[in-house]
Amino acid sequence: MPTWNADQYLRFLNQRTQPCWDLANRVALEAPQRVIDLGCGPGNSTAVLAQRWPKADLTGLDSSAAMNTAARASAPDRHWIQADIDHWHPAECFDLVFSNAALQWLPNHAELFPRLLTRVAPGGALAVQMPVNDDAPAHRLLHDLARASRWSNRLSNLRQWHVHEPAFYDDILSPVSSRVDLWITQYLHILTGPEEIVEWYKGTGLRPYLDALTNPTDREDFLAEYRAAITAAYPSQRSGKVIFPFRRIFLVAWH
Ligand SMILES: C[S@@+](CC[C@H](N)C(=O)[O-])C[C@H]1O[C@@H](n2cnc3c(N)ncnc32)[C@H](O)[C@@H]1O
């Protein structure tokens, strides 16, 4: 489990929150009463839910103490729980179990997703968004670099994201749902330059690698090599900016 830095994560707040809006807007629930946001991070996704459903009783859950502190500071009156989704077995059900950009950190989706659906009340939904960006240069280059000789003994076995293709989620959820909605969107983030792609990843996908490199010089060297590879892979536009494509999978499973 990587360590999290809420400030680094929030550097790209608008871009990171857009998929959350796109997911919330697709959930055709008029007035869900009990809503939980799993892996709520610094509370940005929970804030979207609060705007979308102002009367809902909202709870945000996250395992990171740093994220929990940031979330609580963002809305002190809301319910915030520090817990691991893998060990979350509440007795009660929710009208909406929502998770934006978090479940990719958990393994064993074949068991996890149907289990989460059991916590959805009749007529309610499980709504999830996750990155499915393994083929993107930013992701591939990170894996290639981690397998290079200087780093491989410390980094090659880090498995970070667990995301499957849509057919997998349909197979595991259709038998236990009244309906499953599935879609993929590729976002095209326009960033000021390749350095911003590195900064984006420092808030998420790079975290397990940087955590594993305890020596600051190693971290800097690793980042410099990654930065050079990213600069070569993402050419600048005439404006000097770069386009950073990012693919995401969405699903809404109805009870
Ligand atoms: C990329 S952030 C997403 C934050 C927010 N939901 C959003 O939409 O931007 C992923 C969050 O998932 C949390 N997380 C990862 N694994 C978790 C687990 N097993 N249990 C609870 N939270 C977890 C992390 O602490 C982190 O805050």
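Table for the structure above
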item	result
Odd one out for M1, checked against (1) within 13 Å of the ligand (Cβ to nearest atom); (2) modelled with pLDDT of 95 or more	(2)
Set R140, R150, R154: member being touching an Asp or Glu at 6+ places or on another chain (Cβ under 9 Å), modelled with pLDDT of 90 or more, not in a strand (DSSP E or B) and not hydrophobic (A, V, I, L, M, F, W, C)	R140
So L158, is it under 23 Å from C40 (Cα atoms) and either of a type in the set (F, W, Y) or within 16 Å of the ligand (Cβ to nearest atom) (or both)	no
Restricting segment 182-208 to residues that are in a helix (DSSP H, G or I) and at pLDDT 90 or above, the residue that is nearest to the ligand (Cβ to nearest atom)	W200
Close pairs from segment 80-103: first within 21 Å of A56 (Cα to Cα), partner exposed (fewer than 15 other Cβ atoms within 10 Å of the Cβ), Cβ under 7 Å, at least 6 apart	Q82/A65; D95/Q33
Among (1) surrounded by fewer than 20 Cβ atoms within 10 Å (Cβ to Cβ); (2) assigned to a helix (DSSP H, G or I), the one test that Y226 misses	(1)
Segment 209-220 - residue that is part of a helix (DSSP H, G or I) and not aliphatic (A, V, I, L, M) and, of those, farthest from the chain's Cα centre (by Cα)	T217
One residue from L96, L117, L103 being under 16 Å from the mean Cα position of the chain (by Cα) and under 19 Å from L49 (Cα atoms)	L103
Residue check for R119: surrounded by 13 or more Cβ atoms within 10 Å (Cβ to Cβ) and charged (D, E, K, R)	yes
Qualifying residue in segment 86-103 (condition: β-branched (V, I, T), touching a strand residue (DSSP E or B) at 6+ places or on another chain (Cβ under 8 Å) and more than 30 Å from A229 (Cα to Cα))	yes
Check on R26, more than 11 Å from the ligand (Cβ to nearest atom) and modelled with pLDDT under 95	no
Any pair with Cβ under 7 angstrom, 6 or more apart, that starts in segment 203-214 at a residue that is farther than 20 Å from P131 by Cα and ends at one that is among the hydroxyl-bearing types (S, T, Y)	D211/T3
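This table checks each residue for (1) surrounded by 16 or more Cβ atoms within 10 Å (Cβ to Cβ); (2) over 14 Å from A102 (Cβ atoms); (3) touching a residue at least 24 places away in the same chain (Cβ under 8 Å).
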position	(1), (2), (3)
N14	no, yes, no
D22	yes, yes, yes
R26	no, yes, yes
R34	yes, yes, yes
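The values are calculated or read from the model by the stated rules, or taken from the named source; none is laboratory data. No experiment lies behind these values; they were computed from the predicted model shown. Positions of Cβ are generated from backbone atoms using ideal geometry, with glycine treated the same way; all protein chains shown enter the neighbour counts.
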